[in-house]
């Protein structure tokens, strides 16, 4: 079945460090891929998305490229800030199930000054 | 534009009781989905409603049910509560049912079953 596998956390980085959170997926067809972020006490917010192979999603300095050949959608940011501390979720929605999303388990990121 | 609103924010119930959670989607959004979030299982899809009809259902027992009203507001009901139902329940809305349409989440209802 469809699924998402995310890098285990927690991840702790110093401010201005480079961030990579790995995400791989299993899906039939051509899913759409998303990264969501969850701040403490809040729901999930869409960070970025990509809907077809080789698309690059970007927002707030974060980027992820849809790699069909490696079934990956790794999240990167060149210089993290304390305000980026949150839990990050990789997700996919298959091409044939409307709005049913499959989420990874989440990766907790803490950025220290 | 107001976001997705979930009420109440917190609930404490005892085993065997039932509970109803409410969700008001973003204005104009007709698709409403519900997810259960727990530390052990992560986010799991419960069901999706569109135009008052359940379109998809996840792998949860029949104790979990929902409905959607003509104004797109949705409710989720859990009957005969079990300790394992303690979780954050998230509602999400989207404008269309297309597979590349992102979900917009509410802040959730934290349910504690004692």
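The values are calculated or read from the model by the stated rules, or taken from the named source; none is laboratory data. All values reported here derive from a predicted model rather than from experimental measurement. Note: ideal-geometry Cβ built from the backbone for every residue, glycine included; neighbour counts use all protein chains shown.
General observations
- Across region B:68-88, a minimum of one residue is classified as within 14 Å of another protein chain (Cβ to nearest Cβ) and in a loop (DSSP other than H, G, I, E, B).
- Those strands (runs of 3 or more DSSP E) of region B:1-59 in which 2 or more residues are closer than 24 Å to residue A:37 by Cβ occupy B:5-7, B:19-24, B:31-38, B:42-50.
- Test: residue B:54 is modelled with pLDDT of 90 or more and either buried (at least 16 other Cβ atoms within 10 Å of the Cβ) or in contact with a strand residue (DSSP E or B) (Cβ under 6 Å, 6 or more places away or on another chain) (or both): yes
- For residue A:21, the criteria (1) more than 19 Å from residue B:92 (Cα to Cα); (2) surrounded by fewer than 22 Cβ atoms within 10 Å (Cβ to Cβ) hold in every case but one, which is (2).
- Among the residues making up region B:89-112, those that are part of a strand (DSSP E or B) and more than 17 Å from residue B:12 (Cα to Cα) are B:91, B:92, B:93, B:94, B:104, B:105.
- Flag if residue B:101 is more than 9 Å from chain A (Cβ to nearest Cβ) and buried (at least 17 other Cβ atoms within 10 Å of the Cβ): no
- Region A:34-65, residues that are surrounded by 14 or more Cβ atoms within 10 Å (Cβ to Cβ) and farther than 27 Å from residue A:16 by Cβ: A:43, A:51, A:55
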